[in-house]
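The values are calculated or read from the model by the stated rules, or taken from the named source; none is laboratory data. Keep in mind that this is a model prediction, so the values were computed, not measured. Here the Cβ is made from the backbone with ideal geometry for all residues, glycine too, and neighbour counts use every protein chain on show.
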Amino acid sequence: MTLHPKLPLHYVHGVPWCVALGVVDYLRDAGLERAGVFWPHDIDRGDGELLTMTVSGGADEEGMYVTLRVQGEAPGMDVGALDAAVRRRVDAWERAVSEGRCAAGPLASFLSELFDRMTLMGADVDVLYPNGRPFDRGSLAGLDVWGRATVRCADGSELQIAPEQARLRRAR
């Protein structure tokens, strides 16, 4: 799916999270009631299977764009209904931004719901370098309005992690 969001440039960073919530809306409507978001913006079907999202972007004659690809399978997927669920989410977010309800950061208008639908929230996680090697362990304690995760380590310290710095997985 390629979107041309009507957002200030610094808000485009939030598109994948908004889209992930739209995919979760679709999956829950389709009966996968435990579906949620797996940090940063992959989708947990709720049955142990992940749908991974890749994101790229740029600009063309229509302005800036974001292309998102969700890889994986969901039984009986209706692409039209999925597209509609995602676009409803993005449209609502664009309205929130234009009304000034996201001044704190791109995820501000839906952060509470994202927090509630984050399947790793409160779980023990391994923090992985981009190459996949683990470098710490703790529990996912929070998210901020820019999508950074807070991991509380065993010694009580906290790590703030941006998606480009690390990945999380359930602790092994």
Of all residues in segment 102-139, count the ones that are under 11 Å from ALA171 (Cβ atoms) and either touching an Asp or Glu at 6+ places or on another chain (Cβ under 8 Å) or β-branched (Val, Ile, Thr) (or both). 8
Within segment 70-78, is there a residue that is surrounded by fewer than 22 Cβ atoms within 10 Å (Cβ to Cβ), in a strand (DSSP E or B) and in contact (Cβ under 8 Å) with a residue 40 or more places away in the chain? yes
Looking at ARG152, ARG133, ARG117, ARG137, which one is of a type in the set (Lys, Arg) and out of contact with any strand residue (DSSP E or B) (no Cβ under 7 Å at 6 or more places or on another chain)? ARG133
For segment 65-93, which residues satisfy the criterion of being among the hydrophobic types (A, V, I, L, M, F, W, C) and closer than 14 Å to VAL15 by Cβ? VAL66, LEU68, VAL70, VAL86, VAL90, ALA92, TRP93
Determine which single condition TRP39 fails, assuming it passes every other condition in (1) surrounded by 14 or more Cβ atoms within 10 Å (Cβ to Cβ); (2) in contact with a helix residue (DSSP H, G or I) (Cβ under 9 Å, 6 or more places away or on another chain). (2)
Please find, within segment 104-140, the residue that is nearest to the chain's Cα centre (by Cα) out of those that are loosely packed, with under 15 Cβ neighbours inside 10 Å and small (Gly, Ala, Ser). SER112
Flag for GLY36 being at pLDDT below 95 and either under 16 Å from the mean Cα position of the chain (by Cα) or of a type in the set (Gly, Ala, Ser) (or both): no
Test result for ASP83, out of contact with any strand residue (DSSP E or B) (no Cβ under 8 Å at 6 or more places or on another chain), surrounded by fewer than 22 Cβ atoms within 10 Å (Cβ to Cβ) and modelled with pLDDT under 90: no
Of all residues in segment 80-127, how many are in contact (Cβ under 8 Å) with a residue 60 or more places away in the chain, among the basic types (Lys, Arg) and touching a Ser or Thr at 6+ places or on another chain (Cβ under 8 Å)? 0
Hits in segment 109-153 (condition: acidic (Asp, Glu) and closer than 21 Å to ALA20 by Cα): GLU113, ASP116, ASP144
Do we have any residue at all in segment 8-28 that's at pLDDT 90 or above and either assigned to a loop (DSSP other than H, G, I, E, B) or surrounded by fewer than 18 Cβ atoms within 10 Å (Cβ to Cβ) (or both)? yes
